[in-house]
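Peer 1: I have a structure here, written as structure tokens, and I will follow up with some questions on it.
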């Protein structure tokens, strides 16, 4: 280096977040929903338990670099693991409780989890996983009462914490070492493991506190509805800890009405979930009178947020901000807050911008790349694969030979999303590469059609898939779920779409279903739809 | 490392800020005050000039690691240098225009500046510096018109930019390399050079965008009144560039009334300056009717902000937030925003918290250490030297043999400030170590007495210094400037102080002065007062 800076290079680690909450925000609340009310603690008490937990894990033989699995809902105990495991240099591995038991075991074995923590309410599910687990030697059960009867040999979390020493000699950490890992839900092939570094998650937490992003702050009461096994609940547990925000956890009480009541009773200011949750909650808001006035903002992401959903919340005085990202991107890569210039435009146009995926957040660089491998212009027309780069973007998968194909030669992540960027820099996702409908050599965006269909007053959910077609190669098929008590017809819906799309975009057929199958993280599962209807 | 993270480690450099403003916020305004109005540009035009400037600097022979000096007011051209010099791997060295000419030259030579950029309005001052400069081979003059007549051999900035190539091959940067340097104003001994790394300043910019800190955001119109040669205008030019905020520069028009008018005409949302500026502006607000309703928040720092000043602005609907830091700390180390729990207390108590230096910002760790070298408890009573650690804290001075004494053996910066921390974590500075008055074996805080004196309706400014005393070792002497047309008496002021302090704290005498001498960055210069009155 020609002329080095002379500043400290304190490692960027999640322990900075833990220490900050402990020293500055001891009396801020951590609330977990229980069957008959809430369990309440604060950072002071929780951080003391975290220290005991770390010491107990150490006594159990867990060492820096070891993977510690979790199989749980969002709860204060899960937060304790979020803080203890990375802070002691071990690796938090959150298992997706909604996957098939054999797939959960495959993932735990692939990551070589050394111990797995399980919510007692999930024991029936985990008992089907346990026989297939080969690497974990210990299981620990989290819950309030005595250990439930179970077929697996397990310890009690509360006894473990109790037995831990009140002080633990926290090791020095390198910012590049792993703090956590998470497997993609894998709609195709085996799941792929993303290994987050301390540096990546600390920076993501810092960024999440910025005014122009999630804006997590001390005054917030944060409700991550998004599961702690889904891309680290979008990093919110660490962002909230760093800034001293109160945290509210729904545990297994995840129905829309549960969530709505929790927002009202806990005066939640900030909540985050996939659109399906917000679609569901809208229904119950119309049935039940709840005061949700504390809710300053909602982050929705994980799949495209229909314009009609944003509008419906706006009409009820609630602000949905769309975020975009993936397990491989920390996850927050872009966010659709409006810039000052766009706020000067008409309210219709503002809405259209809010229905996009927004501007890349500070620290993330984004480009769209055409089939020719050349970056496409930001002209609002050229389409290309969205590629990103930055400190909270994965550079490879864990022990996976398919890794190279997901990155470009110059080191950008290929997201598999196809998008357009307009001259203002707002990204609009057109589709997942594999969900685009190729009709007569032209692309049709399933996402656009779905968003429009879900704007119809009788439609609750809509998914559009490609079906093979002799002449046109592929044609779009719409799968629609009507709102309770409503019945739409094919003609009615096609007529509704007609003014907004070229004629050849309109679906050839509309199937009315009881429900759209969903993936383990709440996205429409088009793989299942295709398998069922493509013939 | 036992288990490395698998995330990208994109270097944290200021070029990320430059690229972000250029790609996303091209049409956001950059405004500089001129003698007869304003000069207006935007990030698109400015960034294009930055690229030309970098190429011209390269053609001139400037290479990565070379120091590039500036001797200028806050302006768009100065911002161009803030972006071009670090982005090309060279080191921006901002010279303090208010120092004695020989001291400026000493600093430029110590840093080995290779070229120096000078505002044309500062040529008369710089002509006294130039003969003493030994390392810089080139001088460049910034201004609008033709090159003014001058005794020094210099190039024109505008011609230089014009001659630059529109595209420049930006080099790869290492995040640990230097981006900028700044010398402390040095109230004792020679100035000391702080060398900022890219990593430190990028992280500082990210942090400055957080809700709980400066909250710099896209919607802001930021006015750094604090000079660009004073700890990088507190990092605001880079924070604003990263977030796409508009930037408003006062140039040489720095009187309180100039600043107030600029805030009103440019609808500034966020302004930052030392307390003396805000004290001065208060005066003119009472004389002139100006609409300052756009101003959402004011950051004051650099020396303690008197409670009465915060109250006076509050009464006029303006919010002063006190920040604390120093050239060696990036500079932002703590900030006195109120937590939710403190906002529940009485408004008097809230005010007392706002008059403190606040909570350490995310990324900074803080402790107070007693004379015994042991960290003191946060009990609101124990005093100790404030010590800090973090990524935007210097780890040594540039080529300075006195460096080691400013750091502890375990690597914390000794700030030379004495403080108290209460159980909520709020830091309150009692004094600079060297400004404490030692009376009869006990400490008296000059800062506390000054703050109280400045709360008296007739007092404009007050500085308290120690004078030698045979019996008590030292005793406090108050130096006071009355508001125009006001006359206070010694008895009146002592009587005013009496209810708030122990009897032995009360100053032995009060001197009434025309003005308090100030340092080059606007702090009370107690060294001068002591030299004059200590006898």
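Peer 1: Give me the residue from the stretch B:28-46 that is within 27 Å of residue B:89 (Cβ to Cβ) and within 14 Å of another protein chain (Cβ to nearest Cβ) and, out of that set, surrounded by the fewest Cβ atoms within 10 Å (Cβ to Cβ).
Peer 2: Of the residues in the stretch B:28-46, the ones within 27 Å of residue B:89 (Cβ to Cβ) are B:28, B:30, B:32, B:41-46.
After this cut, where a residue has to be within 14 Å of another protein chain (Cβ to nearest Cβ) as well, the list is B:28, B:42-44.
Numbers: B:28: 25, B:42: 17, B:43: 27, B:44: 14.
So, considering only residues that are within 27 Å of residue B:89 (Cβ to Cβ) and within 14 Å of another protein chain (Cβ to nearest Cβ), the one surrounded by the fewest Cβ atoms within 10 Å (Cβ to Cβ) is B:44.
Peer 1: Only one of these is farther than 20 Å from residue B:353 by Cβ and in contact with a strand residue (DSSP E or B) (Cβ under 6 Å, 6 or more places away or on another chain): B:276, B:327. Name it. Step through it out loud before you land on a result.
Peer 2: Numbers: B:276 fails: in contact with a strand residue (DSSP E or B) (Cβ under 6 Å, 6 or more places away or on another chain).
Testing whether each residue is farther than 20 Å from residue B:353 by Cβ and in contact with a strand residue (DSSP E or B) (Cβ under 6 Å, 6 or more places away or on another chain) leaves just B:327.
Condition check ((1) under 26 Å from residue A:200 (Cα atoms); (2) away from chain B (no Cβ under 14 Å)) across all residues:
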{"position": "A:265", "(1), (2)": "no, yes"}
{"position": "A:284", "(1), (2)": "no, yes"}
{"position": "A:288", "(1), (2)": "no, yes"}
{"position": "A:301", "(1), (2)": "yes, yes"}
{"position": "A:318", "(1), (2)": "no, yes"}
{"position": "A:323", "(1), (2)": "yes, yes"}
{"position": "A:329", "(1), (2)": "yes, no"}
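Peer 1: Could I ask something else about it? Residues in the stretch A:492-515: is at least one outside any strand (DSSP E or B), under 26 Å from the mean Cα position of the chain (by Cα) and exposed (fewer than 14 other Cβ atoms within 10 Å of the Cβ)?
Peer 2: Of all residues in the stretch A:492-515, those outside any strand (DSSP E or B) come to A:492-508, A:513-515.
Going one step further and asking which of them are under 26 Å from the mean Cα position of the chain (by Cα), we end up with A:514-515.
Still in the list and also exposed (fewer than 14 other Cβ atoms within 10 Å of the Cβ): A:514-515.
Yes: the stretch A:492-515 contains one or more residues that are outside any strand (DSSP E or B), under 26 Å from the mean Cα position of the chain (by Cα) and exposed (fewer than 14 other Cβ atoms within 10 Å of the Cβ).
Peer 1: Under 19 Å from residue A:325 (Cα atoms) and under 23 Å from the mean Cα position of the chain (by Cα) - does that describe any residue in the stretch A:435-443?
Peer 2: As a first pass, look at the stretch A:435-443 and keep what is under 19 Å from residue A:325 (Cα atoms): A:435-436.
Then drop every residue that is not under 23 Å from the mean Cα position of the chain (by Cα), which leaves A:435-436.
Yes, the stretch A:435-443 contains a residue that is under 19 Å from residue A:325 (Cα atoms) and under 23 Å from the mean Cα position of the chain (by Cα).
Peer 1: Mind checking whether some residue in the stretch B:77-90 is away from chain A (no Cβ under 14 Å), within 20 Å of the chain's Cα centre (by Cα) and under 25 Å from residue B:518 (Cβ atoms)?
Peer 2: From the stretch B:77-90, those away from chain A (no Cβ under 14 Å) are B:77-84, B:87; that's our starting set.
Remaining after also requiring within 20 Å of the chain's Cα centre (by Cα): B:77-83.
Filter once more, keeping what is under 25 Å from residue B:518 (Cβ atoms): B:78.
Checked the stretch B:77-90: at least one residue is away from chain A (no Cβ under 14 Å), within 20 Å of the chain's Cα centre (by Cα) and under 25 Å from residue B:518 (Cβ atoms).
Peer 1: On to the next question. All but one of (1) at pLDDT below 95; (2) more than 26 Å from the chain's Cα centre (by Cα) hold for residue B:98; state the number of the condition that does not hold.
Peer 2: Only one criterion is unmet by residue B:98, namely (2).
Peer 1: Okay, next question. Which ones in the stretch A:50-82 are over 17 Å from residue A:238 (Cβ atoms), in contact with a helix residue (DSSP H, G or I) (Cβ under 6 Å, 6 or more places away or on another chain) and surrounded by 22 or more Cβ atoms within 10 Å (Cβ to Cβ)?
Peer 2: Step one: list which residues in the stretch A:50-82 are over 17 Å from residue A:238 (Cβ atoms), which gives A:51-52, A:55-67, A:69, A:71, A:73.
This time we only want the ones that are in contact with a helix residue (DSSP H, G or I) (Cβ under 6 Å, 6 or more places away or on another chain), so: A:52, A:56, A:67, A:69, A:71.
Passing the criteria: A:56, A:67, A:69, A:71.
Peer 1: Return the residues of the stretch B:149-165 that are touching a residue at least 24 places away in the same chain (Cβ under 8 Å) and in contact with a strand residue (DSSP E or B) (Cβ under 7 Å, 6 or more places away or on another chain); say none if nothing qualifies. Working first, answer last.
Peer 2: Of the stretch B:149-165, the ones touching a residue at least 24 places away in the same chain (Cβ under 8 Å) are B:150-152, B:154, B:157, B:160-165.
The answer is B:152, B:154, B:157, B:160.
Peer 1: Considering the stretch A:367-401 alone, what residues qualify as being in contact (Cβ under 8 Å) with a residue 60 or more places away in the chain and more than 9 Å from every other protein chain (Cβ to nearest Cβ)?
Peer 2: A:383, A:399, A:400
Peer 1: Return yes or no: is residue B:333 under 19 Å from residue B:214 (Cβ atoms), more than 14 Å from chain A (Cβ to nearest Cβ) and assigned to a strand (DSSP E or B)? Steps first, answer last, please.
Peer 2: Details: under 19 Å from residue B:214 (Cβ atoms): yes; more than 14 Å from chain A (Cβ to nearest Cβ): no; assigned to a strand (DSSP E or B): yes.
Considered against the rule, which asks whether it is under 19 Å from residue B:214 (Cβ atoms), more than 14 Å from chain A (Cβ to nearest Cβ) and assigned to a strand (DSSP E or B), residue B:333 comes out as no.
Peer 1: For the stretch A:351-362, state whether one or more residues are free of Cβ contacts under 8 Å to residues at least 60 places away in the same chain, in contact with a helix residue (DSSP H, G or I) (Cβ under 8 Å, 6 or more places away or on another chain), within 11 Å of chain B (Cβ to nearest Cβ) and within 30 Å of residue A:198 (Cα to Cα).
Peer 2: No.
Peer 1: On to the next question. Residues in the stretch B:1-27 that are more than 23 Å from the chain's Cα centre (by Cα) and either more than 8 Å from chain A (Cβ to nearest Cβ) or free of Cβ contacts under 8 Å to residues at least 12 places away in the same chain (or both): how many?
Peer 2: 16
Peer 1: Identify, from the list A:528, A:521, the residue that is within 28 Å of the chain's Cα centre (by Cα), under 22 Å from residue A:302 (Cβ atoms) and in a helix (DSSP H, G or I).
Peer 2: On the way: A:521 fails: in a helix (DSSP H, G or I).
It is A:528.
Peer 1: Let me ask something else. Residue B:19: out of contact with any helix residue (DSSP H, G or I) (no Cβ under 9 Å at 6 or more places or on another chain) and not assigned by TED's automatic domain parsing to the domain that holds residue B:157, yes or no? Let's see the steps before the verdict.
Peer 2: On the way: out of contact with any helix residue (DSSP H, G or I) (no Cβ under 9 Å at 6 or more places or on another chain): no; not assigned by TED's automatic domain parsing to the domain that holds residue B:157: yes.
No, not satisfied.
Peer 1: Related question: Identify the single condition in (1) outside any loop (DSSP other than H, G, I, E, B); (2) surrounded by 23 or more Cβ atoms within 10 Å (Cβ to Cβ); (3) within 14 Å of chain B (Cβ to nearest Cβ) that residue A:214 does not satisfy, given that it satisfies every other one.
Peer 2: That leaves (1) as the condition not met.
The values are calculated or read from the model by the stated rules, or taken from the named source; none is laboratory data. Being a predicted model, the structure only gives us computed values, none of them experimental. Quick reminder, even Gly has a Cβ in these numbers, built from the backbone with ideal geometry, and neighbours come from all protein chains shown.
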